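Reviewing the structure listed below.
The values are calculated or read from the model by the stated rules, or taken from the named source; none is laboratory data. Just so it is clear, the model here is predicted, and its values are computed rather than measured. All Cβ positions, glycine included, derive from the backbone under ideal geometry; neighbour counts span all protein chains shown. Heavy atoms of the whole protein, side chains included, go into the accessibility calculation; ligands, DNA and RNA do not. Shrake-Rupley method; radii C 1.70, N 1.55, O 1.52, S 1.80 Å.
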Amino acid sequence: MSLLATLLFVAFNGAAYWLSASFLAALFQGGLETAADSGSLNALLKNATAALLVADTPQGTLTRAALAIVIAFLGKNLFAYMQLWYVSFVEQRVIKSLRDELFSKLMRQDLAFFQRERRGDLISGVLNDVEQFNIALNKSFTKLIRDPVNAILVLILLLAVSWKLTLAALIVVPAVGSVVMIIGRKIKKHAVRVQERIADLTGRLHEMIAGIRVVKAFTAEPREADRFHRLTGRHFSSALRQEKLRRLVIPLNEIVGVLIISALLYVGGELVLVRGTMASEDFIRFLVLLFALLTPLLSMGNLVANIRVAEAAGDRVFRLMDSVPTLPQPTTPIPVSSFKNQIRLDGLSFRYSDDTPYVLENINLTIQHGERIAIVGRSGSGKSTLLNLLPRFFDPSEGAIIYDGTDLREFNPNELRKLFGIVTQDVILFHTSIAENIAYGLDDVSDAQIRAAAQAAHANEFIHELPESYNTTVGETGALFSGGQRQRISIARALLRNPEIVLLDEATSALDVESEQAIQAALARLTEGRTVITVTHRLGAVKDSSRIIVLEKGRIVGEGRHDELLKSCEEYRILAESQGMV
């Protein structure tokens, strides 16, 4: 339909300009000429026009010509609107599909990807870059077919009227095209810089909003404002350079067009007035059509600039689209049904990249089904990293993790992670209702199940006191609730998942005594009858664990119960003394 509307637009557009020339000829000459030689295209069109418009009186001819022009321009604009509507529908569907696919691609990336990429680049890619791509595409796609076809039709009519004048007018086109291409390459270079500056702004803005409490606490508002102003200044400079070049295309083309028309006016005037080798009606029609040709030509010149901007934005978008997860997927994954026997860490070492030091080295550890163990150590000893390896957020650099006799790399990571319930110190809640946060990641969960999980997590009481109860929106990152309340919602979320393995990463280390007691009670319910692995630096929370693993600089330096480690492990004894437990 879009192609049909485009062709009809071009036909009516050509007719509108052809009839406009006929109207001018009828107005100034008192009538329309017919061609004796009916073999040429120009003669055929002139005779057909005369047959359509010529009446018994000059007044009648003008009336017919005026009415024909109105009909032609109405048809032109009607089909132009139809073409734009159909193309806009396609554009918006393409952009939606691109944005959806990009987001889905990001969701399939592993955790290392998000640690490697800047948040600003990712947010800018999904929003700003795709939007910029949309804008440039919107300006270009509607004209990509229409303007070239329109220009070709008008050019055919010009050649039919006078091929010599037409060829003379087209001599400078290659020169103009070369200039436009050179400018287009520079526009793309600056467009890339503009998108990079937008990513910088997006990333900085995200950091400031996320860390506004720290900014306020250190009265750093003026400093951050200055830093943001410098970033906007860089964006302004890059955007201005891009626009200076982009805005140069149309006036440059227009100046060249005026020079061509001026030269042709002189030459054509001589042919009509001095030599008499060209009919005045033909010259009028040639000028009208030449002006009509300038519109699509100028538009196509600007089209090059828009395409260059789209390329710059598209390069960044498709770089993200082409990113390949570094966590390899097994060709034929082994089904994950349940955890029955043991997890074995066999000679495990890990570092985040080949040019960074090892975070964990030669870890050998066996965790039995139903066992409750704790991993303790100073900050930076590798505790959280070890916990992140168990659900396969990363793969070991060396060694292996074995689940019930199978290397975890043989499992589908998404299926493997269904065995786990994870509670961390930094609780992530989404800007939706409490009920949706508790049921996050699960389908077909009843209200009764959500309430039961909240009850078990000691969260039901404070939720019921809220005006909208479980339908209360938690605010961005759960900002409307205290740390203890957020933590209990997180535990309810883990409880509802009914995990076989519970990972607790500093789950109570940042809470006050009253909140910690409530959370510990909730955790006791969560971990009952399950395999529990707790990471903490607060020994009071894990001194009754069946086994405590002590990490120091990425190595296991002690293993046993609390009383045993006080005697056998110096690092553990130092930790205990620093916390008043000796």
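Observations on the model:
- The residues listed here are 337, 299, 323; of these, the one that is open to solvent by 10 Å² or more (accessible area, probe 1.4 Å), within 23 Å of residue 501 (Cβ to Cβ) and either hydroxyl-bearing (Ser, Thr, Tyr) or at pLDDT below 80 (or both) is 337.
- All positions within the range 373-403 that are open to solvent by 50 Å² or more (accessible area, probe 1.4 Å) and either closer than 19 Å to residue 418 by Cα or not basic (Lys, Arg) (or both): 379, 380, 393, 397, 398
Residue-by-condition table, conditions (1) at pLDDT below 75; (2) touching a strand residue (DSSP E or B) at 6+ places or on another chain (Cβ under 7 Å); (3) surrounded by 14 or more Cβ atoms within 10 Å (Cβ to Cβ):
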site	(1), (2), (3)
75	no, no, yes
79	no, no, yes
83	yes, no, yes
86	yes, no, yes
99	no, no, yes
112	yes, no, yes
115	yes, no, no
121	yes, no, yes
124	yes, no, yes
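- Where a residue in the range 551-562 is at positive phi and touching a residue at least 24 places away in the same chain (Cβ under 8 Å) and its partner, wherever it lies, is open to solvent by 40 Å² or more (accessible area, probe 1.4 Å) and assigned to a strand (DSSP E or B), with Cβ under 7 Å and at least six apart: 554/361
- Every pair of residues 6+ apart whose Cβ atoms lie under 7 Å, when the first sits in the range 384-412 and is over 20 Å from residue 500 (Cβ atoms) and of a type outside the set (Gly, Ala, Ser) while the second is open to solvent by 40 Å² or more (accessible area, probe 1.4 Å) and outside any loop (DSSP other than H, G, I, E, B): 394/111; 394/388; 395/409
- Scan of the range 438-482 for residues that are surrounded by 14 or more Cβ atoms within 10 Å (Cβ to Cβ), touching a Phe, Trp or Tyr at 6+ places or on another chain (Cβ under 8 Å) and over 21 Å from residue 521 (Cα atoms), ordered by number: 440, 474
- The set of residues in the range 438-471 being of a type in the set (A, V, I, L, M, F, W, C), more than 16 Å from residue 491 (Cβ to Cβ) and part of a helix (DSSP H, G or I) consists of 448 alone.
- The set of residues from the range 413-437 being outside any helix (DSSP H, G or I), in contact with a helix residue (DSSP H, G or I) (Cβ under 9 Å, 6 or more places away or on another chain) and either open to solvent by 30 Å² or more (accessible area, probe 1.4 Å) or without any contact (Cβ under 8 Å) to a residue 60 or more places away in the chain (or both) comprises 422, 424, 425, 428, 430, 431, 433.
- Restricting 507, 522 to those that are open to solvent by less than 30 Å² (accessible area, probe 1.4 Å), in a loop (DSSP other than H, G, I, E, B) and modelled with pLDDT under 80 reduces the list to 507.
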